[in-house]
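The values are calculated or read from the model by the stated rules, or taken from the named source; none is laboratory data. What you are looking at is a predicted structure, and each value in this text was computed from that prediction instead of being measured. As a convention, Cβ positions derive from the backbone with ideal geometry for all residues, glycine included, and neighbour counts pool all protein chains shown. Just the protein is used for accessible areas: all its heavy atoms, side chains included, with ligands, DNA and RNA removed. Shrake-Rupley method; radii C 1.70, N 1.55, O 1.52, S 1.80 Å.
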Amino acid sequence: MTKKNLKDYSALNIKREEFIASNVAKIFYHWSNTVLFSGALFILILSLLDYFATPNNFKTFLIYRVVTAFFVFLIYLINSRRVSLLLQNVSTVMAAIVVSSMVALMISKFGGHTSPYFAGIIITVVYIVGLIPLDLKTAILVSFLIFGFYVIPILTYDDISNKSYFISANGLIVAIIFITLLLRYLSQKSLINELSLQYDLDKEKNKLKKYSQHLEEVVEERTR
């Protein structure tokens, strides 16, 4: 989403907050659609790794991926219907739940607390929270939903025999979540500042335009 896509609301006497909220919603809409559509494809492409990582589970995991990709694509179709912060937030949360559930199922089938598929949780956090311009509260909610779908089932059904591996995996996931949330906060703050500056520039541009028109009218009148 470039500056060319931003409306000149200052000419319509729109308040700064309305200008920022409107453009944030449009940027959110653009990126959520991009992430959901590409995510559905990415889920299927990663099935190649399943073939090499766990050939015995390849067919089962392929079914998981096809079903998950279908639901993510369905969420994309619903999300793309209109620009709405509520719709985009709900779509993002639903996509996070669907993908996290898939990864959790794979982990339960392959290794449990020692499964290398915990990397899928990291990818999900980075892909959703890192790319979609969520507000900080929603980003935190989505991050811990994803993490919860990983750690809670393991603590429920698995016997943690390799504690060092499990602790290391959780530590890495939490670290990635913290870094991603920090980057999301800084990115969102930068976006708000940029939109605020754009609003001020549009206001000044509008003032100069009116002043120029006034000068032209004065010159024409004196010429007559």
Compare Tyr150, Tyr185, Tyr165 in a GNM of the chain, Cα atoms joined below 10 Å, and give the one with the largest fluctuation. Tyr165
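If I take every Cα pair under 8 Å that is 6 or more residues apart in region 95-181, average their sequence separation and divide by the length, what percent do I get for the relative contact order?
Working: 74 pairs, mean separation 36.6, N = 87.
Worked out over region 95-181, it gives 42 percent.
Efficiency by 1/(1 + (r/R0)^6): what FRET value for Val174 and Lys209, r their Cβ-Cβ distance, R0 = 45 Å, to the nearest 0.05?
Values: r = 52 Å, r/R0 = 1.15.
According to the calculation, E is roughly 0.30.
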What is the spin-label model distance, in nm, from Ser101 to Ser47 if the labels are put 7 Å beyond Cα along the C-beta direction? 1.9
Relative contact order of the chain, defined on C-alpha pairs under 8 angstrom at six or more residues apart (%): 24
Label-to-label distance, nm, for residues given as Ile140 and Leu186 (7 Å Cα→Cβ offset): 1.9
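Using the heavy atoms of the protein chains alone and a 1.4 angstrom probe, what is the accessible area of region 136-197 per residue in square angstrom? If you can, show how the numbers build up before the last one.
Numbers: 3710 Å² over 62 residues.
Per residue, region 136-197 has 60 Å² of solvent-accessible surface.
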Just to be sure I understand the model, the point goes 7 Å from the Cα along the line to the Cβ. What's the resulting Asp200 to Ser108 distance in nm? 5.4
For every other residue with a beta carbon closer than 15 angstrom to the beta carbon of Tyr165, add +1 if it is Lys or Arg and -1 if Asp or Glu, then tell me the sum. -1
Using a Förster distance of 25 Å, how high is the FRET efficiency between Ile63 and Asn162, based on the Cβ-Cβ distance and rounded to 0.05? 0.35
Choose one answer from Thr124, Thr114, Thr92: the residue with the largest mean-square fluctuation in a GNM of the chain with alpha-carbon springs under 10 Å. Thr114
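Would you mind classifying region 66-204 by shape? Square roots of the alpha carbon gyration tensor eigenvalues, ordered a ≥ b ≥ c; an a/c under 1.5 is rounded, otherwise it is prolate if a/b is larger than b/c and oblate if not. Walk me through the numbers on the way to the answer.
Numbers: a/c = 3.55, a/b = 1.75, b/c = 2.03.
Oblate shape, in that a/c is at least 1.5 and b/c is the bigger or equal ratio.
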With 0.36 nm assigned to each residue of separation and the Cα-Cα distance removed, Thr34 to Leu74 gains 13.1 nm
